[in-house]
Amino acid sequence: MPEQPPPDIKLPDPVEISKSMARIAERSQKLVADFLARQEPQGGGPTAMDPLNIGSAFMEMTHRMMADPAKLVQAQMTLWQDYMRLWQTTAQRMMGQEADPVAMPERGDRRFKHPEWDENELFDFVKQSYLLTARWMQSTVKDVEGLDDKTAQKVDFYTRQFVDAMAPSNFVMTNPEVLRETLESGGENLVNGLHNLLDDLERGKGRLKIKMTDIEAFELGKNIALSPGKVVYQNDLMQLIQYEPTTEESFKRPLLIIPPWINKFYILDLRPKNSFIRWAVEQGHTVFVISWVNPNEKLKAKSFEDYMVDGPLAALEAVQKATGEEDANVIGYCLGGTLLACTLAYMAAKKDKRVKSATFFTTMMDFKDAGELGVFIDEVQLAALEEKMKDKGYLEGADMATTFNMLRANDLIWSFVVNNYLMGKDPFPFDLLYWNSDSTRMPAAMHSFYLRNMYQENKLVEPGAITLKDVKIDLSKVKQPACLISTREDHIAPWKATYSATQLLGGPVKFILAGSGHIAGVVNPPEAEKYGYWTNAKNSKDPDAWCNSAKEHKGSWWPEWQKWIADFTDGKVPARRPGDGALKVIEDAPGSYVKVQAQD
């Protein structure tokens, strides 16, 4: 009799496999045909061949590396010695002896969390050999001397992208969890993964658009973006939402929030338990939030100046009509904070004092050390980007999403490749990842101005270098009390770069450094009791000096901010409801603008 397979191994059904592969082949053929039909002939030149301008950076790195062969030989010897130690420790483990690992994953590296990465000698060897090679490769390119900062940063970034892509966890035969699933399911996981891959290609119209969450599980206004409110004003670029009060009295001075238009505002209103908007309303603020439009080709000429005029300036007028109050406290988040800083400088030149305090969440004003986003910004890449935006008049939301996902590739790309395509599973419903996938487009004129003037040329720190609506912008003229909230692990707005604003703004500044990153560090309700934050009464010129003498506090920074802004709330009045003032209700929150998706 033929030998039977072990009970935990399922043999694939050849009939079902053949049917599945036939369906996959049919879908693949249609996808390829559709993709080719949409392609247009591309012009020649280096930009078309290398739009990210990677080749020249690595050519320069290789030239510099070969100029110092002794250093390269030393690096090779170090790698060889590490491998010899790994062979020795692996042999010891195979003979039943204890042996300390030669290389270990960084804390929080979830790629190797499955116990077999440690318990199985073979997979432990695969893991450690990868970690040794990755460490060697990244340290070797980082130690190359003579590269300018931009080139060195680009080489380091794309080397890490390659290293992350080559992780053994990303391949069937070197991932113990995937291998076991393949044996136990008879390969059904890989067939399901192929279907998931084709689904993502179809959603992306030939471009891979990885599904990060169950997008059918969420609906704006139903189970996310739930805070009750009304749209009370709108123009071409934004809707203004006023939220229903939950207290009998409200602070007299209303609160206006300017979110970034790179993402949608409901990151501040995902669910009631982590909604900053809900929490601010509960503290007694009359909260207004700008909900930016998801622009199409009709808005391609909209400029950064237009975003100022039709955004915060128009919103301040609308808030005054809705409440009868001439003054307001204003919050700007990320790019919304950069816009707020520009708007305050413009208002200072116009002797406009309607803003009584300004809060900046993870906001860049000095772009000298812009973090890894700077990798994507040089003259070659900007020219390629502007050429790409020329026809449609905007940057696709998918392009923005890909850029941000690359900053955390293991978490936002490769983990889903493993789960969706290798394990053949559907992603979990997760509101934050639904928001992350709900991308927005960028008007060509605005985006080009922002990238060139802020990121590439860093003009905002130079008094008078940027002109908006015939006014030369000077941040030192901004005298309002300001509170800056930054986060220690921010990969989009590095906290030391945001700290520079303490020296740029002309008024008193309170700086709060929160734990975690760009999103989780901001969306951190007190009930969660997570992360902690740091404060310091003195703003040193050096951010490290500030941090070294800062006081650590447990929990969320939200109550700390509330204590600060309480000095600028101007007493209390009976709670105001949307529609009570001169502005009438247009529609229920979260409004219609936020529901427009990038592919619509």
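The values are calculated or read from the model by the stated rules, or taken from the named source; none is laboratory data. Please read all numbers here as calculations on a predicted model, not as lab measurements. Neighbour counts run over all protein chains shown; Cβ positions are idealised from the backbone, glycine included. When the accessible area is computed, the model is the full protein with side chains, heavy atoms only, and any ligands, DNA or RNA have been set aside. Shrake-Rupley method; radii C 1.70, N 1.55, O 1.52, S 1.80 Å.
Listing for the model above:
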| quantity | calculated |
| --- | --- |
| Cα-based shape type of region 300-354, given that a ≥ b ≥ c are square roots of the gyration tensor eigenvalues and the cut on a/c is 1.5 | prolate |
| Two-decimal log10 I(q)/I(0) for region 213-265, as the Debye equation yields it once each C-alpha is a single scatterer, q = 0.12, 0.19, 0.31 Å⁻¹ | -0.40, -0.91, -1.31 |
| Cleavage-rule hits, trypsin sites (Lys or Arg not before Pro), region 430-474, DSSP coil, Cβ neighbours within 10 Å at most 15 | Lys469 |
| Low-density loop positions, trypsin sites (Lys or Arg not before Pro), region 83-187 - DSSP coil, at most 14 other Cβ in 10 Å | Arg107, Lys113 |
| Total lysine pairs whose alpha carbons fall under 28 Å of each other in region 521-600 (8 or more apart, or interchain) | 15 |
| 10 Å Cβ shell holding at most 10 others, DSSP loop, GluC sites (Glu not before Pro): longest site-free stretch of the chain | 249-600 |
| Cα shape, region 389-533, gyration tensor, a/c 1.5 rule | oblate |
| Backbone HN-Hα couplings from phi across region 249-255 [Karplus 6.51/-1.76/1.60, Hz, Gly and Pro as x] | 10, 10, 4, 4, 8, x, 10 |
| Values of log10 I(q)/I(0), in the order q = 0.10 Å⁻¹, for the chain under a Debye, Cα-only, solvent-free model | -1.01 |
| Selection from Trp558, Met59, Ala384, by position along the positive dipole direction of the chain (Cβ) | Trp558 |
| Magnitude of the charge dipole, region 300-449, Cβ model with Lys/Arg +1 and Asp/Glu -1, debye to 20 | 280 |
| Vicinal HN-Hα couplings computed from phi for region 196-201 (Karplus, 6.51 cos²θ - 1.76 cosθ + 1.60; Hz; Gly/Pro x) | 4, 4, 5, 4, 5, 5 |
| Equivalent ellipsoid, region 537-600 (semi-axes from 5 times Cα gyration tensor eigenvalues, Å) | 39, 23, 11 |
| Low-density loop cleavage sites - trypsin sites (Lys or Arg not before Pro) in region 503-559, where at most 10 other Cβ are within 10 Å (DSSP) | Lys538, Lys541, Lys554 |
| Eligible lysines near Lys472 by straight Cα distance, threshold 23 Å, same-chain separation 8 or greater | Lys302, Lys350, Lys351, Lys353, Lys356, Lys368, Lys459 |
| Given charges at Cβ of Lys, Arg, Asp, Glu: region 286-375 dipole, positive-most of Ala358, Ala318, Asn329 | Ala318 |
| Helix 379-392 vs. the chain, principal-axis angle (Cα, 0 to 90°, nearest 10) | 70 |
| Förster radius 56 Å - calculated FRET efficiency between Gln503 and Met95 (Cβ-Cβ, nearest 0.05) | 0.35 |
| Mean shadow area of region 486-525 over all directions, Cα convex hull, nm² | 2.9 |
| Cα-based radius of gyration of region 173-281 once divided by 2.2 N^0.38 Å, which approximates compact folds | 1.65 |
| Reachable lysines from Lys211, criterion Cα separation under 17 angstrom, eight or more residues apart if same chain | Lys425 |
| Surface accessible to a 1.4 Å probe, per residue, for the residues of the chain, Å² | 48 |
| Gained length - Asp580 relative to Asp426, 0.36 nm times residue gap less alpha-carbon distance | 50.8 nm |
| Where only alpha carbons of region 175-221 are counted, the Rg and the Dmax (Å) | 13.9, 43 |
| Cα long-axis angle, helix 149-165 against the chain (0 to 90 degrees, to the nearest 10) | 50 |
| Size of region 458-600 as Cα extents on the principal axes (Å, biggest first) | 50, 46, 44 |
| Cα long-axis angle, helix 335-349 against the chain (0 to 90 degrees, to the nearest 10) | 30 |
| Global form of region 112-219, assessed from the alpha-carbon gyration tensor, a/c cut-off 1.5 | oblate |
| Those lysines that a straight Cα-Cα span of less than 30 Å connects to Lys71, excepting residues fewer than 8 apart in one chain | Lys127, Lys142, Lys150, Lys154 |
| Net dipole in debye of region 374-433 [+1 Lys, Arg Cβ; -1 Asp, Glu Cβ; about Cα centre; nearest 20] | 200 |
| Signed unit charges on C-beta, dipole axis of the chain, positive-most listed residue Thr90, Met166, His285 | His285 |
| Cα Rg, Dmax, region 290-412, angstrom units | 17.1, 50 |
| Value at 222 nm in deg cm²/dmol, rounded to 500, when DSSP H runs of n ≥ 4 in the chain each add -39,500 (n - 2.57) | -12000 deg cm²/dmol |
| Charge dipole magnitude, Cβ of K and R +1, D and E -1 - the chain, Cα centre, debye nearest 20 | 1720 |
